[in-house]
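Enquirer: Following this message is one structure expressed as structure tokens.
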Amino acid sequence: MLNKNIAINRLEQIESWLKAQFPSTLFTFEPASSDASFRRYFRITVENKSYILMDAPPEKEDTTSFITIGTFLYQQGINVPEIVSQDAEQGFLLLTDFGCQAYLDMLNLQSVDRLYHLAIDSLIEIQSIDPKALSLPSYDKSLLQQEMDLFPQWYLGEHMAITAPDFLQKTFDLLVSNALVQPQVLVHRDYHSRNLMNTAENSPGIIDFQDAVVGPVTYDLVSLLRDCYIEWPEEKLTEWLQYYLHHAQQKGILNNSISIKEFTRWFDLMGLQRHIKVLGIFCRLNYRDNKANYIDDLPLTLKYVQHVSAKYPEFSDLNDFLTQQSLTGKVQ
């Protein structure tokens, strides 16, 4: 049954647009998924063939970047959905369907090596593309800082009701420096188990790429390996980091002089930046956007922050602060 929160007139617009796409054929449609934005997705079935309809209300969502980036990646041979039909004015896109098997639903200790190797291989293909043809935004100091500012505002302030510590900006500065010193590549920006689909051919199918930027080489890798929705033992991460480094150096993405020690530090600190940001985003989704389910993912995200901040002495202030809040019962 269709979500009652979706306005009836919007459903009528969807049905009318679909009738124009399939004027002589019967079709059915049902909800497929939703995400952290205002976009919704419907699965359209026509003569035993299925498509995905992206419903992106134009007053709330701009499909321009999805169309531009998706078309470019598809032309480059990356396994993203093909745009079958589009109506940017109404906010409708008809896409090929990757099915229902997200990586998150498929991952276990028996399948993870195969699936992650495929995902890393696809990531290296993306990073091998010259992003200049797209005129993507840069993951620069301003954007990195803007993202981390969500942590004191929404996690510490709104969720924890505590004041941000004085050392926090120094921590942020170290993380910005780490990001900017890395080779800059095409960054998907949400390359994790909910946005990778297990497909019969050329797996994984890659979705939710519309926020792509030019940024640090480790960003998407840390999104994949230190996923906020699923956790793996550190020894597995070490294996996958070595797998990535070997193949990225073979492809010329990374210089052969980069050691696994240096690369691991880049990776760890990039993850610290991402997870600090995500703590803020999850809280904002809860308190501002009424999407309470993301609160359930705070503990693992916080665990990553505590793990990495304990590993490097320059982040001892952050680790001490988080440990103290945990001891007083405030960290949730």
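The values are calculated or read from the model by the stated rules, or taken from the named source; none is laboratory data. Values in this document were obtained by computation on a predicted structure and should not be read as measured data. Positions of Cβ are generated from backbone atoms using ideal geometry, with glycine treated the same way; all protein chains shown enter the neighbour counts.
Enquirer: Just to be sure, is Asp149 buried (at least 17 other Cβ atoms within 10 Å of the Cβ), touching a residue at least 24 places away in the same chain (Cβ under 8 Å) and either closer than 30 Å to Asn9 by Cβ or outside the structural domain of Ser33 (by TED's automatic domain parsing) (or both)?
Expert: When the stated conditions are applied, Asp149 passes them.
Enquirer: Does Ile253 satisfy being crowded, with 16+ Cβ neighbours inside 10 Å, modelled with pLDDT of 95 or more and outside any helix (DSSP H, G or I)?
Expert: When the stated conditions are applied, Ile253 passes them.
Enquirer: Looking at Arg274, Arg284 in this structure, which one is buried (at least 19 other Cβ atoms within 10 Å of the Cβ), farther than 24 Å from Ala119 by Cβ and either basic (Lys, Arg) or at pLDDT 95 or above (or both)?
Expert: Arg284
Enquirer: Which condition breaks for Val214 when tested against (1) at pLDDT 95 or above; (2) of a type in the set (A, V, I, L, M); (3) over 16 Å from Ser128 (Cα atoms); (4) surrounded by fewer than 20 Cβ atoms within 10 Å (Cβ to Cβ)?
Expert: (3)
Enquirer: What's the number of the only condition in (1) within 18 Å of Met197 (Cβ to Cβ); (2) loosely packed, with under 15 Cβ neighbours inside 10 Å; (3) in contact with a helix residue (DSSP H, G or I) (Cβ under 8 Å, 6 or more places away or on another chain) that Ala88 fails to meet?
Expert: Ala88 satisfies all of (1) within 18 Å of Met197 (Cβ to Cβ); (2) loosely packed, with under 15 Cβ neighbours inside 10 Å; (3) in contact with a helix residue (DSSP H, G or I) (Cβ under 8 Å, 6 or more places away or on another chain) except (1).
Enquirer: Give me the pairs, please: first residue somewhere in region 1-21 and not assigned by TED's automatic domain parsing to the domain that holds Phe42 and at pLDDT below 90, second residue anywhere and aliphatic (A, V, I, L, M) and assigned to a helix (DSSP H, G or I), beta-carbon distance under 7 Å, and either six or more positions apart or on two chains.
Expert: Sorted first by the residue in region 1-21, then by its partner, the pairs are Leu2/Leu11.
Enquirer: Something else: Would you check if Glu125 is of a type in the set (D, E, K, R), at pLDDT 95 or above, closer than 18 Å to Gly271 by Cβ and in the same structural domain as Phe172 (by TED's automatic domain parsing)?
Expert: no
Enquirer: Kindly indicate which of Leu175, Leu118, Leu180, Leu134 is assigned by TED's automatic domain parsing to the domain that holds Phe321 and either over 30 Å from Ser259 (Cβ atoms) or among the small types (Gly, Ala, Ser) (or both).
Expert: Only one candidate passes the filter, namely Leu134.
Enquirer: In region 44-88, what count of residues is obtained for those that are among the small types (Gly, Ala, Ser) and modelled with pLDDT under 95?
Expert: Final tally of qualifying residues: 4.
Enquirer: Would you point out which residue out of Ser193, Ser177 is in contact with a helix residue (DSSP H, G or I) (Cβ under 7 Å, 6 or more places away or on another chain) and polar (S, T, N, Q)?
Expert: Of Ser193, Ser177, the one residue that is in contact with a helix residue (DSSP H, G or I) (Cβ under 7 Å, 6 or more places away or on another chain) and polar (S, T, N, Q) is Ser193.
Enquirer: May I pose another question? Residues in region 159-175 that are surrounded by fewer than 18 Cβ atoms within 10 Å (Cβ to Cβ) and of a type in the set (A, V, I, L, M, F, W, C): how many?
Expert: Going through region 159-175 one residue at a time, the tally reaches 6.
Enquirer: I've got another one for you. Identify the single condition in (1) touching a residue at least 60 places away in the same chain (Cβ under 8 Å); (2) surrounded by 15 or more Cβ atoms within 10 Å (Cβ to Cβ); (3) not aliphatic (A, V, I, L, M) that Ser223 does not satisfy, given that it satisfies every other one.
Expert: (1)
Enquirer: Across region 247-263, what is the total count of residues that are without any contact (Cβ under 8 Å) to a residue 24 or more places away in the chain and within 26 Å of Glu314 (Cα to Cα)?
Expert: 6
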